[in-house]
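The next block holds one structure in the form of structure tokens; read it before the comments.
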Amino acid sequence: MSKKITETKIEANDLCVYYGAKQALHRISIDLFEREVTAFIGPSGCGKSTFLRSINRMNDLVPTARVTGNLYIDGVDIYHSSVDVVELRKRVGMVFQKSTPFPKSIYDNVAFGPRLNGITDRTELDRIVEESLINAALFDEVKDRLDSSAMGLSGGQQQRLCIARAVAVNPSILLMDEPCSALDPISTAKVEELILELKKQYTIVIVTHNMQQAARVSEYTAFFYMGHLVEYDKTRKIFTNPSKKETEDYVTGRFG
Amino acid sequence: MSTKRLIGIFAIGAATVAVIAIAGLVFSTMGTFLVKGLPNITWQLLSEAPRNNNTEGGIFPAIYGTTLLVLVMSILGVPIGTITAIYLNEYTRAGAVMPRVIRFAVNTLAGVPSIVFGLFGLGFFVQFLGVGLDKTFGNTEAIWAKPALLWASATLAALTLPVVIVSVEEALKNVPQEMREGSLALGATRWQTIWKIVLPNSTTGILTGSILAIGRSAGEVAPILFTGVVYSLPQLPDGISSQFMHLGYHLFVLSTQSPDVDKTLPLQYATTLVLLMLTFTLNFAATFIRSRIRSKQFR
């Protein structure tokens, strides 16, 4: 088996997150690799979403949240006081569990991010919108109705629209928080196919409750439990021959 | 028959009586003014100025003054109310000291009798701001330091601020948190998120707030009594420093200050009906818009 050379994109070092007095993450240290899909699995409340949301500092929105330790993206500590959160979020895109298209047209949804970056030239915007929709495997379905409301799309289309919206600002990392939990199997399959396509360009971190999904789309898997990172390894290893008892119990469905 | 059943029958009976009483009150009031007022609503009434010591002619200057008053009030009050609501809902965390102080102030403001607002307007706007403005501009005669449309509007704006704040806040709360997160995650600043996502989805709420404020204030007389309204004016107000006539105050003048009150009765009924229609229409519009916001947009 030839070993692919991978580079670290995201590096956490003793990262702890607290919500008020409650500690949600305990000293997480992990290296996530560039242009790979890493899946976070674990039972509800295990901290996987908290960790995901600390990568683009969405936890800053929670008034009582407090972070200690370090988190590096491309070697830069994103919790350093000199880091501009707004710039950070432009480089770290996020797709949420509940698809959240803005009540605007499909075109305006995708163009939202580029416009924030000051792009007003219509041909340039047209190009970005088309490219992003193609990247999100949605273009063929919506090309004739770019000006109609995004609220009229199906759940699966809305989620792919959110992906298009995220890639339109040209991030290098895509965070996905249970992107398929509200989708039917066909839409799920489409999004999974899309993830495999997107990993050629983006570093993807996906939180999922679906073991099969983690096995299908990810190269690496991290198992979280009670705020601790229990095990992190190649996905195949985690699912066939985990080193920790808790991991084995979880992936074989004995608890969780 | 069991006691439970008896209590049930009694409760239904009491509720029916209450409903009939309230409906009866509304319909008899409206009915009286409709029957006695409608025949007196003529083109002359709506388009002409009062003549002969308010016993003849129309009420056009009062309609004009009332409209202008609520318009200027909205221009002054809605932005301030909206900004306050944005601050409370978007920039502060629940339980912090500042929002609690502001909320307490808003609630207190809502409970202050309107005549007190009138006195406040006279003391603060007319005698403090007005005098200050005249001094600053070196006016020899009082231009701002007298009751004026601007000061009456400002006083009404203060009176209706709680209505605007509450409606706008409700609309802001209606915007799902995920929508804000979606915008922030794309690298929008907090203000960009408010400006491009939150506010466009709250315009109906802001509109409702303004209409409710107008509906609430269109008939208020006490706050404008000392701050701008007059008994009678030979010409229409020509600017925000002018005084003006007002439907509510005109009604008071017609019914108490006229040399021949009986002669003005048809005018009184007609004026009341115009005022009622104005406030009712505005309230219905607000209710309609509000029910529309609830039903559409976000699944």
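For the reader, a short list of remarks on this structure follows.
- Any hit, segment B:79-97, residues being modelled with pLDDT under 90 and surrounded by 16 or more Cβ atoms within 10 Å (Cβ to Cβ): yes
- Top-ranked residue of segment B:183-197 - restricted to ones that are small (Gly, Ala, Ser) and assigned to a loop (DSSP other than H, G, I, E, B), ranked as nearest to the other protein chains (Cβ to nearest Cβ): B:187
- Unmet requirement for residue B:119, which otherwise passes all of (1) surrounded by fewer than 23 Cβ atoms within 10 Å (Cβ to Cβ); (2) in contact with a helix residue (DSSP H, G or I) (Cβ under 6 Å, 6 or more places away or on another chain); (3) more than 30 Å from residue A:175 (Cβ to Cβ): (2)
- Residue B:56 fulfils the conditions (1) touching a helix residue (DSSP H, G or I) at 6+ places or on another chain (Cβ under 9 Å); (2) closer than 30 Å to residue B:259 by Cβ; (3) buried (at least 16 other Cβ atoms within 10 Å of the Cβ) except for a single criterion, (3).
- Looking across B:142, B:110, B:105, B:157, one residue alone is of a type in the set (A, V, I, L, M) and in contact with a Pro (Cβ under 7 Å, 6 or more places away or on another chain). It is B:110.
- Considering the conditions (1) buried (at least 21 other Cβ atoms within 10 Å of the Cβ); (2) away from every other protein chain (no Cβ under 14 Å); (3) β-branched (Val, Ile, Thr), residue B:175 is excluded by exactly one of them, (2).
- Residues considered: A:89, A:160, A:122, A:145. Of these, the only one that is under 19 Å from residue B:197 (Cβ atoms) and either touching a Leu at 6+ places or on another chain (Cβ under 8 Å) or of a type outside the set (S, T, N, Q) (or both) is A:89.
Residue-wise test of (1) among the basic types (Lys, Arg); (2) closer than 25 Å to residue A:98 by Cβ; (3) without any contact (Cβ under 8 Å) to a residue 60 or more places away in the chain.
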{"residue": "A:210", "(1), (2), (3)": "no, yes, yes"}
{"residue": "A:213", "(1), (2), (3)": "no, yes, no"}
{"residue": "A:216", "(1), (2), (3)": "yes, yes, yes"}
{"residue": "A:235", "(1), (2), (3)": "no, no, no"}
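- Residue count, segment B:198-219 (criterion: at the interface with chain A (Cβ under 7 Å from one of its Cβ atoms) and without any contact (Cβ under 8 Å) to a residue 60 or more places away in the chain): 0
- Qualifying residues in segment A:120-142 (those that are surrounded by fewer than 16 Cβ atoms within 10 Å (Cβ to Cβ) and among the β-branched types (Val, Ile, Thr)) - the one farthest from residue A:91 (Cα to Cα): A:123
- The listed residue being surrounded by 18 or more Cβ atoms within 10 Å (Cβ to Cβ) and under 22 Å from the mean Cα position of the chain (by Cα), out of B:224, B:197: B:224
- Residue ID - farthest from residue B:266 (Cα to Cα), chosen from residues in segment B:13-53 that are in contact with a helix residue (DSSP H, G or I) (Cβ under 6 Å, 6 or more places away or on another chain) and of a type in the set (S, T, N, Q): B:47
- Single match in B:256, B:189 (criterion: among the polar types (S, T, N, Q), at pLDDT 90 or above, surrounded by fewer than 20 Cβ atoms within 10 Å (Cβ to Cβ) and out of contact with any strand residue (DSSP E or B) (no Cβ under 6 Å at 6 or more places or on another chain)): B:189
- In segment B:261-273 there is at least one residue that is more than 14 Å from chain A (Cβ to nearest Cβ), outside any helix (DSSP H, G or I) and either of a type in the set (D, E, K, R) or over 30 Å from residue B:201 (Cβ atoms) (or both).
- Among the residues here, residue B:131 does not qualify as buried (at least 20 other Cβ atoms within 10 Å of the Cβ), more than 30 Å from residue A:85 (Cα to Cα) and among the β-branched types (Val, Ile, Thr).
- The set of residues in segment A:24-66 being touching a strand residue (DSSP E or B) at 6+ places or on another chain (Cβ under 8 Å), over 23 Å from residue A:233 (Cα atoms) and surrounded by fewer than 23 Cβ atoms within 10 Å (Cβ to Cβ) consists of A:59, A:62, A:64, A:65, A:66.
- When the criteria are applied in full, residue A:66 fails the requirement of being among the basic types (Lys, Arg), more than 8 Å from chain B (Cβ to nearest Cβ) and either in a loop (DSSP other than H, G, I, E, B) or closer than 18 Å to residue A:208 by Cβ (or both).
- Of the helices (runs of 4 or more DSSP H) contained entirely in segment B:92-140, those carrying at least 2 residues that are within 14 Å of another protein chain (Cβ to nearest Cβ) and either closer than 21 Å to residue B:161 by Cα or not polar (S, T, N, Q) (or both) fall at B:97-111.
- Cβ separations smaller than 6 Å between residues 6+ apart or across chains give the following pairs from segment A:11-23 residues that are exposed (fewer than 14 other Cβ atoms within 10 Å of the Cβ) to residues that are of a type in the set (Val, Ile, Thr): A:20/A:64.
- Which listed residue is more than 22 Å from residue A:92 (Cβ to Cβ) and either crowded, with 24+ Cβ neighbours inside 10 Å or of a type outside the set (A, V, I, L, M, F, W, C) (or both), from A:197, A:246, A:178, A:219: A:246
- Those helices (runs of 4 or more DSSP H) of segment A:77-183 in which 3 or more residues are of a type outside the set (Phe, Trp, Tyr), within 12 Å of chain B (Cβ to nearest Cβ) and within 17 Å of the chain's Cα centre (by Cα) occupy A:85-91, A:155-167.
- Criterion (of a type outside the set (Val, Ile, Thr) and at positive phi) met by exactly one of B:187, B:219, B:182, B:209: B:187
- Summed over segment B:141-178, residues that are in a helix (DSSP H, G or I) and touching a residue at least 24 places away in the same chain (Cβ under 8 Å) total 26.
The values are calculated or read from the model by the stated rules, or taken from the named source; none is laboratory data. The structure presented is a predicted model; accordingly, all values stated were derived computationally and were not measured. So basically every Cβ, Gly included, is an ideal-geometry build from the backbone, and we count neighbours across all protein chains shown.
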